[in-house]
Amino acid sequence: MARKTQEKREDLKQRLIEAARNRIAADGLSNLRARDVTQDVGCALGGLYTVFADLDDLVIHVNSATLKGLEASLALAEVKDHTPTDRLRNLARGYLRFAVAHRNLWKALFDHRPPDNRPSPEWHLEEHMFLMGVIAEPLAELQPTMSETARAIRARTLFGAVHGVVSISLEGRFVGLPIESLEQELDDFILTVAAGAAARQV
């Protein structure tokens, strides 16, 4: 009996995550409502709170699924034998393409703010950091003398630069780039950064 109850809870949990994901993808995070999500899966409003602490907890789980989708879209295994420069270029292209294809889900990764009295769980923060790790790996080959701490900071800097350009461009800010130019500009930017990093080792 206990096992069957747990299976039902897990099934409801996954259906709520999927429903919330669909709502965010269609209407954006700011329009997400608990009542809409529970109506989509055909359960009472209280059913949500039997598997999640609150709506913020549900959003964290949606964002977790989005991060897994982002990781899959980067095709890391396909380029693992490529040069470090090409791996960085692949990361930038993959990040941009994911953001364009899943704009509202991508935005939710950065727009969601959990309550001050209940910060994001450690496991979710670690999920957010996976991209820093895959950026740091090719950087280590380009600048092998850089310390691990400095490399981690450089990975964040590089991510921030790429994310910033993607973000202001997709939001249509006046300083943003036209979408049709964005991928080429990011590619040239990564080539410039990688060439500079390699030159500093000479």
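Which of the residues belonging to the range 57-82 are outside any helix (DSSP H, G or I) and in contact (Cβ under 8 Å) with a residue 40 or more places away in the chain? Answer for the range 57-82, where residues must be outside any helix (DSSP H, G or I) and in contact (Cβ under 8 Å) with a residue 40 or more places away in the chain: Leu74, Leu76. Screening Leu125, Leu105 for residues that are part of a helix (DSSP H, G or I) and modelled with pLDDT of 95 or more leaves exactly one candidate, Leu105. For the range 10-19, what are the residues that are crowded, with 16+ Cβ neighbours inside 10 Å and within 22 Å of Glu126 (Cα to Cα)? Passing the criteria: Lys13, Ile17. Kindly check whether there is at least one residue in the range 51-72 that is at pLDDT 95 or above, loosely packed, with under 13 Cβ neighbours inside 10 Å and among the hydroxyl-bearing types (Ser, Thr, Tyr). No, the conditions are met nowhere in the range 51-72. Residues in the range 164-202 that are aromatic (Phe, Trp, Tyr) and surrounded by 12 or more Cβ atoms within 10 Å (Cβ to Cβ): 1 in all. Residues in the range 171-202 that are outside any helix (DSSP H, G or I) and over 16 Å from Pro84 (Cα atoms): Glu171, Gly172, Arg173, Phe174, Val175, Gly176, Leu177, Pro178, Val202. Of all residues in the range 35-50, those being surrounded by 13 or more Cβ atoms within 10 Å (Cβ to Cβ) and small (Gly, Ala, Ser) number 1. Sub-8 Å Cβ pairs linking a first residue in the range 120-145 that is in the same structural domain as Ala77 (by TED's automatic domain parsing) to a second residue that is crowded, with 16+ Cβ neighbours inside 10 Å and among the hydroxyl-bearing types (Ser, Thr, Tyr), at least 6 apart or interchain, are His124/Ser64; Glu127/Ser64; Leu131/Tyr95; Pro138/Thr85; Leu142/Thr85, ordered by first then second residue. Looking only at the range 128-154, filter to residues that are within 13 Å of Leu67 (Cβ to Cβ), in a helix (DSSP H, G or I) and aliphatic (A, V, I, L, M); which one of those is farthest from the chain's Cα centre (by Cα)? Checking each candidate, the answer is Val134.
The values are calculated or read from the model by the stated rules, or taken from the named source; none is laboratory data. What you see is a predicted model; the values in this text were computed from it and never measured. Ideal geometry is used to build each Cβ from the backbone, glycine not excepted, and the neighbour counts take in all protein chains shown.
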